[in-house]
1. So which residues in segment 7-44 are loosely packed, with under 11 Cβ neighbours inside 10 Å and either at pLDDT below 95 or polar (S, T, N, Q) (or both)?
2. Could you please let me know if ARG3 is of a type outside the set (A, V, I, L, M), within 10 Å of the chain's Cα centre (by Cα) and at pLDDT below 95?
Amino acid sequence: MGRGATAAGLCDSCQHARAVVSGKGSVFLMCELSRTDSRFRKYPPLPVLRCPGWAETEAAATDADRSA
């Protein structure tokens with residue numbers, strides 16, 4: 001998603017996070033899990049440090065494999 005390494009915490013590497021750009025150009029992270037599970041906030045306060053729904057993106061997993 002092209003965000004900073006730790007700006008959003010776990011959301012930076014979560015497959016459920018989606019960047020939403022407002023009409024004024026502000027960028028917000030939306031949690032896709034909020035659509036089907038009320039435990040998750042649509043726009044969580046950042047940085048997210050713990051999340052039961054976190055699932056690593058393929059890109060993050062690939063980056064981790066390269067640095068190992």
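The values are calculated or read from the model by the stated rules, or taken from the named source; none is laboratory data. This is a predicted model, so every value here is computed, not measured. Here Cβ is always computed from backbone atoms with ideal geometry, including for glycine, and neighbour counts include all displayed protein chains.
1. SER22, SER26, THR36, SER38
2. Working: of a type outside the set (A, V, I, L, M): yes; within 10 Å of the chain's Cα centre (by Cα): yes; at pLDDT below 95: yes.
For ARG3, the condition - of a type outside the set (A, V, I, L, M), within 10 Å of the chain's Cα centre (by Cα) and at pLDDT below 95 - is met.
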